[in-house]
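Asker: One structure follows; several queries about it will come next.
The values are calculated or read from the model by the stated rules, or taken from the named source; none is laboratory data. From a predicted model like this one, the values you see are computed outputs, not experimental measurements. Glycine also receives a Cβ, built like all others from the backbone with ideal geometry; neighbour counts cover every protein chain displayed.
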Amino acid sequence: MIYPVIDPAGTGSNLRSLIVSSGNSIADVGRMLGIADMSTMYKWLRGDALPGIDNMLALSIILNVSINDILVTK
């Protein structure tokens, strides 16, 4: 069985859209997550990195979506 592969750039773009749709700013979400260095958030949004599972779970709660709604696969 071939499993899907996460598309980091697509996931970052999707995450940005979900944040905007939620009415929060990127900085607001970063603060809610306790992220001191906002460059971390921008790495996620550019697709340079993916949130760890703990942050992914927190994002899903903050944005009121499932983790699968955040992830984009290839």
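Asker: Cβ-Cβ under 9 Å, sequence separation 6+ or interchain: first residue in the stretch 3-25 and within 18 Å of ASP48 (Cα to Cα), partner charged (D, E, K, R) and modelled with pLDDT under 95. Which pairs?
Answerer: Taking only residues 6 or more apart or on different chains, the pairs are VAL5/LYS74; ILE6/LYS74; ASP7/LYS74; GLY10/LYS74.
Asker: Within the stretch 1-26, can you find the residues that are more than 25 Å from LYS74 (Cβ to Cβ) and surrounded by fewer than 12 Cβ atoms within 10 Å (Cβ to Cβ)?
Answerer: Of everything in the stretch 1-26, those that are more than 25 Å from LYS74 (Cβ to Cβ) and surrounded by fewer than 12 Cβ atoms within 10 Å (Cβ to Cβ) turn out to be GLY23, SER25.
Asker: Looking at LEU50, LEU59, can you tell me which residue is touching a strand residue (DSSP E or B) at 6+ places or on another chain (Cβ under 8 Å), within 13 Å of THR11 (Cα to Cα) and free of Cβ contacts under 8 Å to residues at least 60 places away in the same chain? Spell out how you get there, then give the answer.
Answerer: On the way: LEU59 fails: touching a strand residue (DSSP E or B) at 6+ places or on another chain (Cβ under 8 Å).
Selected residue: LEU50, the only one of LEU50, LEU59 that is touching a strand residue (DSSP E or B) at 6+ places or on another chain (Cβ under 8 Å), within 13 Å of THR11 (Cα to Cα) and free of Cβ contacts under 8 Å to residues at least 60 places away in the same chain.
Asker: Out of the stretch 8-63, which residues are in a loop (DSSP other than H, G, I, E, B), among the small types (Gly, Ala, Ser) and modelled with pLDDT of 95 or more?
Answerer: First, the residues of the stretch 8-63 that are in a loop (DSSP other than H, G, I, E, B): 23-25, 34-38, 47-52.
Then drop every residue that is not among the small types (Gly, Ala, Ser), which leaves 23, 25, 34, 36, 47, 49, 52.
Scanning the stretch 8-63 gives GLY23, SER25, GLY34, GLY47, ALA49, GLY52.
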